[in-house]
Amino acid sequence: MAESFNEKQMTTPESEKNINDTKGPVFGQDDGADVEVAVLERDGMRLHPQPTSDPLDPLNWTSARKHSILAIVMSLYFMFTYITTTTVPSFPEIQAQYNASLGQVNWTVAIPALGLAFGPLFWSSLADRYGRRVIFIIGTIIAFAATIGAAKAPSFDSYMAARFFQGFGVSPAATVGLAIINDLFYEYERGQKIGLWVLAIDMGLLVGPLIGGFIDLVDHYWINWLTAILFAAILVAEIAFLPETLYPRNYMLVRMPYTDSSVGVADLEKVAPRPRDAAEVDLPRTKKLPFINVRGVPGMRHPKPWDSLLRFVQIWKFAAVSFSVCIYSVVWYWWIMSVITFIPSAYVQYSPQIQGLLFLGLILGTLFSEIFCSGRLSDWLMVKMAKRNGGQRMPEMRLWLVYPAATISAIGLIIWGISIDQQYHWIVGQIAFFLLAAGIQMGNTIIAAYIVDCYPLQSMAVITFYAVILNLSAFINPFFIAPWVTASGYTWTFAAQGIITFVVSLPAFAVLQRFGPTLRAKSGQPGWVNPEYDSII
């Protein structure tokens, strides 16, 4: 039986406009006046975002429409990392083509990551002004053109430039992609949907070399041509099936508050909102916007183009976000790049096609973690612990899953390093890959969900920070891993990485879990909100 919403009447004074509440934001302020609106709850906890009775509200779209959009977002996020690793099996051919060293070839993995790190600082504010759809389309066009450039690059320098713009073009999949997910789904679904979103990036990282190894049988140029074909297919899907999802929620909540308090969450999408009310609001929004919108989405205050960079700097002040992202990125996540870039060297006795198949352990670990141990489990844990906490959600409740995740990642790194030096059977390496990937997938989902839970009204800024730091770590890793392995060997290099992951991550996240609420209280509230929650013009 569906659980019912409860409505509460409340007013929102100006002083509460930017308050982040773990149960959800407070709405109702518009044009300088205090307006009473209904606040909907589920399981005694306030829904975030609050729905309207507007059929153009993305929260009111059908499940099929929402999940088709999610599939497009996941497809581009898959390409986010696919482009960095699909060329790994062709490293010998790239070396021969451009007369490059092994270190230089490793840079071809790092350079797209630099584009992925820089891109969110450029795209995020534009997506909050002109909408998500047009930024997705422009970014995909750039990535498509850059991929053709990589396939035809006559020199190593031009190849590296094309690789940078591949990453730059596909980078909206991170920040803008998560913004689309937040536009479509409720907070209580966040763990599962972010888990699927993270699954896409992790699978792109791992499936890329598998596909690249087999395409290399044709020739290494076709690795880029296939990538271009994939970008073209995604571009067609974006043009045909991706509507605008940036919605002036605060503005519309005052004019079309949700009115049916008897509707259960499971039945929310089956309700037909009152169309006559929607027609009375003279404001173009979502599906009523131009096919290619080149003006600011109306009904909200827009950030300036440079606000993404300013807010990236300001986020350092909010320790719960900056501390968690930096710890995850530089003592845990970036070791996956160590493994991926060294598989060709570690298994040099195998052909590129067999080397691609050796990524199956990483792929299976990622899938297992997402199905059984990641997003859905995180949501379940949040609900159970919130009920025990009097209905109060705390972002730190998600962090309980960090401890097993970091532990199994550390074990996987140590086992793999030993297995290479001792020349164990390849199945030992596959077990190590399974453990490493399962931990990475779980940790990635938890950290992304945690920082959004901390500041839901500033989700674009915190995810921009996350994307920049995460991809900078991936950019840096290939520059030091090769000398480290040469100097210390596989056993001590990867054992050290595993030990760092375990010894640093677990205490660091324990401290964050214990003192996270205090850190957030001392940091105060950001001086901005996402534009959909800011309708004072």
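The values are calculated or read from the model by the stated rules, or taken from the named source; none is laboratory data. Given the structure is predicted, the values throughout are model-derived calculations rather than measurements. Quick reminder, even Gly has a Cβ in these numbers, built from the backbone with ideal geometry, and neighbours come from all protein chains shown. To get the accessible areas, we keep the full protein, side chains included, count just its heavy atoms, and leave off ligands, DNA and RNA. Shrake-Rupley method; radii C 1.70, N 1.55, O 1.52, S 1.80 Å.
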Item to check | Separation of alpha-carbon centers, the range 177-217 and the range 279-344, rounded to whole Å | outcome: 16
Checklist entry - Which value in deg cm²/dmol, rounded to the nearest 500, describes the helix-derived mean residue ellipticity at 222 nm for the chain, given -39,500 (n - 2.57) per DSSP H run of n ≥ 4 and division by the residue count? => result -21500 deg cm²/dmol
Checklist entry - Between residue 148 and residue 314, what FRET efficiency comes out of the Förster formula 1/(1 + (r/R0)^6) with R0 = 30 Å and r the beta carbon distance, rounded to 0.05? => result 0.20
Next on the checklist: Assuming 0.36 nm per residue, please report the length gained on full extension of the stretch residue 400 to residue 380 beyond their Cα-Cα distance.
Outcome noted: 6.0 nm
Checklist entry - How much length, in nm to one decimal, is gained on full extension between residue 387 and residue 486, taken as 0.36 nm per residue of separation minus their Cα-Cα distance? => result 30.4 nm
Checklist entry - So between residue 426 and residue 71, what do we pick up on full extension, going 0.36 nm a residue minus the alpha carbon distance? => result 124.4 nm
Next on the checklist: Quick check: from the Cα gyration tensor, does the range 411-486 come out rounded (a/c under 1.5), prolate or oblate?
Outcome noted: oblate
Checklist entry - Using a Cα distance threshold of under 25 Å, what count of lysine pairs results for the chain when pairs must be 8 or more residues apart or interchain? => result 29
Checklist outcome for this item: Under the rule rounded for a/c under 1.5, else prolate if a/b exceeds b/c, else oblate, using alpha carbon gyration tensor axes a ≥ b ≥ c, the chain is classed as prolate
Next on the checklist: Using a 7 Å offset from the Cα along the Cα-to-Cβ direction at both residue 292 and residue 360, what is the distance between the two label points in nm, to one decimal?
Outcome noted: 4.5
Checklist entry - Once the Cα atoms of helix 426-454 and of the chain are each reduced to a long axis, what angle between those two axes, in degrees from 0 to 90 to the nearest 10, is obtained? => result 30
Next on the checklist: Once each part is reduced to its C-alpha centroid, what is the distance from the range 123-170 to the range 452-489 in angstrom?
Outcome noted: 20
Checklist entry - Which whole-angstrom value gives the distance between the alpha carbon centres of the range 367-386 and the range 396-444? => result 19
Checklist entry - Quick one: accessible area per residue over the chain, 1.4 Å probe, rounded to a whole number of Å²? => result 36
Checklist entry - Packing-wise, with mean Cβ within 10 Å as the measure, how do 333-341, 516-524 rank, highest first? => result 333-341, 516-524
Item to check | Label-zone membership for the range 69-95, site residue 348, 7 angstrom Cα→C-beta point, backbone N under 14 Å | outcome: 92
Checklist entry - Applying the Karplus parametrisation 6.51 cos²θ - 1.76 cosθ + 1.60 with θ = phi - 60° to the phi angles of the range 188-194, what ³J(HN,Hα) value in whole Hz is obtained for each residue in order, glycine and proline being reported as x? => result 5, 9, 4, x, 5, 5, 5
Item to check | Cα-projected label distance for residue 372 with residue 280, points at 7 Å along beta-carbon direction, nm | outcome: 5.4
Next on the checklist: Highest mean first, how do 207-213, 385-391, 176-182, 500-506 rank when packing is the count of other Cβ atoms within 10 Å averaged over residues?
Outcome noted: 176-182, 207-213, 500-506, 385-391
Next on the checklist: Considering just Cα atoms, how many Å³ per residue does the convex hull of the range 47-260 enclose?
Outcome noted: 112
Next on the checklist: Can you give me the % of accessible surface on the chain that is carbon or sulfur? Probe 1.4 Å, all protein chains present, nothing else counted.
Outcome noted: 66
Checklist outcome for this item: Sequence order, the range 492-504: Karplus ³J(HN,Hα) from phi using 6.51 cos²θ - 1.76 cosθ + 1.60, θ = phi - 60°, Hz rounded, Gly and Pro as x, gives 6, 5, 7, 5, 4, 5, x, 5, 4, 4, 6, 6, 8
